[in-house]
Amino acid sequence: MFNSLASFIRLSRLAVTVAVGGVLALSAWPAAAEELALQDRSRWTCGVPMSFSPLAKTQAPTVVNIAVTQPAVEEESRPPGIPGFPPGSLFNEFFKEFWERQREQQREQPHEQPHPGMALGSGFIIDAAGYVATNLHVISEATEIAVILHDGQRFSAKLVGADPLTDLAVLKIDSKEPLAATRWGDSDKMDVGDWVVAIGNPFGLGGSVSAGILSARARDIHQGPYDDYIQTDAAINRGNSGGPLYNLAGEVIGVNTAIYSPTGGSVGIGFAIPSALARPVIEQLKEHGAVRRGWLGVQVQKIGPDLAENLGMPAQKGALVTSVIAGSPAEKAGIRQGDVILGFAGKEIERMNQLPRVVAGIEPGRQVDVKLLRRGQGQTAMVTIGEMGTGETADEVQVAASGSSGEPPRHTQPFEKALGLTLSPLSPTMREAFALKSDAEGVVVAEVVENSAASEHGIEAGDIIVEVGQEAVKSPGEVLEKIKTARDQGRKSVLILVSHQGNLRYVPISLEERRG
């Protein structure tokens, strides 16, 4: 039924399973040894802690159960999704399954009156004054939110702020006494193989503890532009979404969010939002009820082996700029299409998906340095960070649409063929045939040969070739000339900048002849 690993990710809400995990770093010892008895080496055997009970005893009171009352579920009345997440996302797909099961039950009992639904999850206290962090999907669509402490005390909670892009939310409860609160740790200091401990509070039963290791870092489970999850094999329980991940010092280094599971039960693959991402978002939600994000104003794409070769790069790292928004901070700083961003604000950009997170975490108005590679030459630019508004998408990845190559229009344009493409000048006839904008420039793809290198890269009829070899082209002849130059230079592929309905991306197309 499911075709990919991501298709099995389940979230912890209602009957949906969620991830729990926490990290115990053997190498990261707390500054204040007296804070946690796990520092006692006598409790360790061959580098392995004999017991996690000191951590559990000190941290369990900081973990809470969250009970949510939702609107009554009526036949065909509730949309199969959650606010803030795009249609078709994995979050919404799994909630769609849940609502469909609910509707099926109602069909079997048509005379029963609809009643409010209940959802259960976990959270953790971040401030003794009663502020609680959790996942947004835990409290989505809630009409009432209750927070239940480790000792059974129950409080009505109000939503302080939520951030759909990271699936995080902050609640507030009013307690007469100061509450036990967690301490933040640094997820960037965690290494693969470090110990993990998770404490959740599913169904209000009290603290539930599990241990494992940090299995992987920087996991992208296709939930949004800031995917950078910690993966852990700590045992997964129902109702733990929104709970904390701990390092050995008893510090929160992640927020449990999702698991991979073909059965709904634990198979040892859980995901958590790292504290390096979660902490600044949660702190802004606590203080302001919303998140201010930095904005650069570029679209970027990943650099693979072929792109690296065409760009003259020895390693596949950085983020390739496919377009620069007019009037954006990037344009004002002189960043150009075709530049490779290798560093930003003092941080190396090893992977393309690092850039959106780094940019978003910088305070708007701050001036930072940007390390660039432009036509093989290193450069530095200074950019003043803007503020992302509701209309911007903050440096998201340029995604190419797919579809059939189509049939070439019937006219008498001077076609040229190359690399499985039939090329035509950008004439009024072609603009009308493919509904192209009047200000579009380049060479039109009139037809794409099936199973060619171009078709495999998703190039379609109606696309516009803007550049070849990072030089602008305006005629099919210029395209052929630059392809010939690349072959004469002994290149295995040629870099083409393609515009698909106004969206730009770089495509490295093989120059090797295909034989049938």
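The values are calculated or read from the model by the stated rules, or taken from the named source; none is laboratory data. Predicted model, so just to flag it, every value in this text is computed and none were measured. Cβ atoms come from the backbone with ideal geometry, glycine included; neighbour counts cover every protein chain shown. With ligands, DNA and RNA removed, areas are computed over all heavy atoms of the protein, side chains included. Shrake-Rupley method; radii C 1.70, N 1.55, O 1.52, S 1.80 Å.
Give me the distance in nm between label points sitting 7 Å out from Cα along the Cα-to-Cβ direction at K189 and A129, one decimal.
In this crude spin-label approximation the distance works out to 2.7 nm.
Please give the net charge around R292, taking every other residue with its beta carbon less than 10 angstrom from that of R292, where Lys and Arg add +1 and Asp and Glu add -1.
Within the 10 Å Cβ shell, the charges total -1.
For segment 161-171, just list the computed ³J(HN,Hα) in residue order, Karplus coefficients 6.51, -1.76 and 1.60, θ = phi - 60°, integers in Hz, with x standing in for Gly and Pro.
Taking θ as phi minus 60°, the curve returns x, 9, 10, x, 5, 10, 6, 10, 8, 10, 10 Hz for segment 161-171.
Tally up the carbon and sulfur contribution to the accessible surface of segment 245-375 as a whole percent, 1.4 Å probe, everything protein left in place. Kindly include the intermediate steps, with their values, before the conclusion.
Details: 2270 of 4870 Å².
It is 47 percent, rounded to a whole number.
Step through the table entries K437/K492; K371/K437; K317/K492; K189/K332, compare each Cα-Cα distance with 24 Å, and write down the pairs that go over it.
Among K437/K492; K371/K437; K317/K492; K189/K332, the Cα-Cα distance tops 24 Å for K437/K492; K371/K437; K189/K332.
What nm distance separates the two modelled labels at D439 and Q367, each placed 7 Å from Cα along Cα→Cβ?
That separation, rounded to one decimal, is 3.0 nm.
Between Q377 and S175, 0.36 nm times their residue separation minus their Cα-Cα distance comes to what?
Net length gain for the segment: 66.8 nm.
Going toward the positive end of the dipole of segment 414-484, with +1 on Lys and Arg Cβ and -1 on Asp and Glu Cβ, which of V448, T429, Q470 do you reach last?
T429
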